[in-house]
Structure formats: C-alpha cells, structure tokens
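The values are calculated or read from the model by the stated rules, or taken from the named source; none is laboratory data. Just so it is clear, the model here is predicted, and its values are computed rather than measured. Using ideal geometry, Cβ is built from the backbone for each residue, glycine included, and neighbour counts are taken over all protein chains shown.
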Amino acid sequence: MQCTDIHDRFLFRLITKKAFLYTEMVTTGAIIHGGCLEQLSFNNDIEHPVAVQLGGSDPGDLAECSKICATLGYDEINLNIGCPSERVQKGSFGACLMEDPELVKECLEAMQEVTSTPITVKCRIGINERDDKDFLIQFVSKILNPNLKTIIVHARVAILKGLTPRQNRQIPPLKYDNVYQLKKEFPDLDIVINGGILDVNESLKHLEKVDGVMLGRSPYDNPMIVSNVDSIIFNEADLGEDRRSILKKYLQYCLIQKEQGHPLSRTLKHIFGLNRGLKNARAYRSLILETMQQNNLEKTKEDLIAMV
Ligand SMILES: Cc1cc2nc3c(=O)[nH]c(=O)nc-3n(C[C@H](O)[C@H](O)[C@H](O)COP(=O)(O)O)c2cc1C
C-alpha cells in the first residue's frame with residue numbers, strides 16, 4: 001500500500017515488460033461501500049500482466065469484488081492473508097486469517113466460483129510462535145483445492161501483537177527453507193517466494209528451489225534493478241532504456257497526469273530511487289521535494305533529467 005499504485009506501475013512498465021506487477025491491497029469494504037473504484041483502474045494497454053490484491057474475509061464480498069476485478073481485466077486476483085497491521089486485524093482479514101484455514105478455503109472457493117481468472121493467495125510462513133515448517137504445510141493442505149494453483153509466501157512469521165507492520169517486515173527472521181519445503185510437499189503448486197530478496201541474481205538462486213520470486217522493497221527503492229529481468233528470467237529482449245530516457249518519459253507522464261487532476265505529490269514520489277547509486281542523490285531528492293512543494297515540474301524537469 002502507498003507504493004504500487006497505477007503511477008508506480010506505469011514507471012515499472014518503462015523498465016520491464018514481463019515482470020508480473022501487483023496492485024496495492026484494496027479492501028472489499030473500500031470497493032463495495034467506499035466507492036473507490038478508481039483505485040482499481042489500471043492501464044489496460046500497457047500494464048499486463050497485472051494482478052489485483054484484495055483484502056477481506058467475507059466470502060460473499062470477496063466474490064462480488066472478484067467479479068468486478070475480473071470484468072476490469074486483471075490477469076490474477078490475489079487474496080492477502082499476510083498483512084499484520086492492527087487496522088487489518090480489526091477488520092478480521094490479512095494475516096489473522098491464517099488462524100482460520102476453513103474460512104480462507106471458503107473465501108477462495110467463493111472467489112473461484114464467480115470467475116475463471118486465477119485466484120491466488122499471499123501468506124506468511126505462519127503467525128506468532130508458529131514459524132515451523134509443519135504449520136505452513138498443514139495450513140496449505142487445509143486451504144487447497146484443484147483451482148488454487150499459486151501461493152506466494154512471505155518467508156517470515158507475522159507477529160500479530162506487539163510489532164508494527166514495519167517491524168513485522170524486519171524482526172522475524174527469514175526462513176526460506178520453510179518455503180522450499182512447501183514446494184517439496186506440493187510439487188504441483190506454483191510456489192512464489194518473497195522477503196528480503198535483493199535483485200535478479202539472488203532471484204535465480206531461489207528459482208532453483210521454487211517457481212517464482214516476488215520482490216517488494218528492493219525494486220521500489222531502486223527500480224533499475226529489474227531492468228534486466230526480461231532477459232535473465234524470461235529469456236526475452238530487455239526494453240533497454242537507460243535511466244535518463246525512463247525518467248524523461250515518466251516526467252512527461254506526470255505532466256499529463258497533473259492536467260488530469262493527479263497531483264505531483266502522488267506521481268513524483270515513485271522516482272526517488274531512480275538515481276540510486278549516483279553521487280548527487282541528496283540534491284536529486286531535494287529537487288523532487290521542491291518540485292512537489294512548488295507544484296511546478298515544468299521549471300525543474302530538465303534539471304531532474306540531468307541528475308540521473
Ligand atoms: C510500504 C509497504 C507497503 C506494503 N503493502 C503491501 C500490500 O498492500 N500487500 C502485500 O501483500 N504486501 C505489502 N507489503 C509487503 C511486501 O509486499 C512484501 O511482502 C514485504 O515487503 C517483504 O518483501 P521484500 O523484502 O521484497 O520487500 C508492503 C510493504 C511495504 C514496505
């Protein structure tokens with residue numbers, strides 16, 4: 001959330017055409033009662049393959065939202081059962097659902113019933129003290145059905161009391177072996193591993209043991225690390241654009257978006273990492289902030305481009 005919105009996904013499509021992109025989690029409540037259909041919109045012409053992630057625990061609501069997402073043309077609908085935030089726990093969804101595999105199964109079946117779009121889940125290896133291999137294997141065996149073909153696992157437990165979401169992404173140790181074991185137990189499932197994976201080379205090592213790799217913070221903080229993903233992972237030609245031409249195209253997009261009512265604060269926040277590793281990172285960051293504050297990209301556009 002707050003990261004992979006429609007603008008960020010536009011940026012990533014200037015860098016890789018093959019990587020599967022995921023939306024932020026959108027709750028069923030926001031879709032059904034909040035009228036936030038705008039959060040579900042995506043660029044049908046350029047964004048595929050793209051998955052939408054739903055947060056919720058009511059099978060009927062999840063079915064209704066899945067129908068809407070399938071009609072919009074998403075390539076996959078993912079159910080979040082890994083988010084540990086208190087707000088999400090209060091809504092009885094996210095990671096606390098790992099305590100109730102029967103309900104998860106019901107939710108998945110309700111979603112599968114209304115669409116042929118693949119339904120997937122994203123979970124943790126366990127919750128609270130249950131970070132053992134057996135917990136994950138038992139959990140998956142209880143939610144399994146023939147139409148559930150892909151499970152994404154963040155290789156840490158979620159501690160439901162006492163840790164913030166941020167701490168829950170840092171403090172519990174990564175246990176990749178639990179995810180590898182899951183693949184051994186369920187060889188026919190596509191298992192996607194997530195958590196602490198820094199780049200494409202590290203991804204290749206995991207791909208010897210599992211079917212897919214999901215990266216979160218590392219590409220958000222440094223988008224260029226996925227510029228060779230199409231060739232290395234998918235055996236296709238990379239888009240081959242350098243940072244400067246990517247930034248140029250993205251800033252042009254920001255100007256158009258501004259005219260359509262999307263403030264620069266929303267679009268420019270995704271480019272802080274585009275000059276990662278270069279000497280002038282601080283000046284670049286300050287200029288982005290200044291541009292947002294003054295709401296004037298025309299004035300700083302060329303200077304920003306010259307800084308990457
Ligand atoms: C700011 C922020 C927002 C996140 N929002 C979501 C979300 O909406 N849905 C989700 O499944 N995971 C979310 N995550 C977790 C990431 O998807 C990922 O599981 C986690 O960061 C571990 O992977 P990484 O080490 O590659 O970042 C978020 C992470 C961050 C840092």
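At-a-glance table
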read-out: Any hit, segment 274-281, residues being closer than 29 Å to V192 by Cβ and either in a helix (DSSP H, G or I) or modelled with pLDDT of 95 or more (or both); value: yes
read-out: Residues being assigned to a loop (DSSP other than H, G, I, E, B), away from the ligand (no atom under 15 Å from the Cβ) and not aromatic (F, W, Y) - total across segment 210-249; value: 12
read-out: Residue list for segment 178-229, filter: among the basic types (K, R), touching a helix residue (DSSP H, G or I) at 6+ places or on another chain (Cβ under 9 Å) and within 20 Å of T120 (Cβ to Cβ); value: K209
read-out: Meets criteria (in the same structural domain as H154 (by TED's automatic domain parsing), within 14 Å of the ligand (Cβ to nearest atom) and within 28 Å of L264 (Cα to Cα)) for A95; value: no
read-out: Hits in segment 154-193 (condition: among the charged types (D, E, K, R) and within 14 Å of the ligand (Cβ to nearest atom)); value: R156, R166, R169, K175
read-out: Residue ID - surrounded by the most Cβ atoms within 10 Å (Cβ to Cβ), chosen from residues in segment 73-100 that are among the aliphatic types (A, V, I, L, M) and closer than 21 Å to T150 by Cα; value: I81
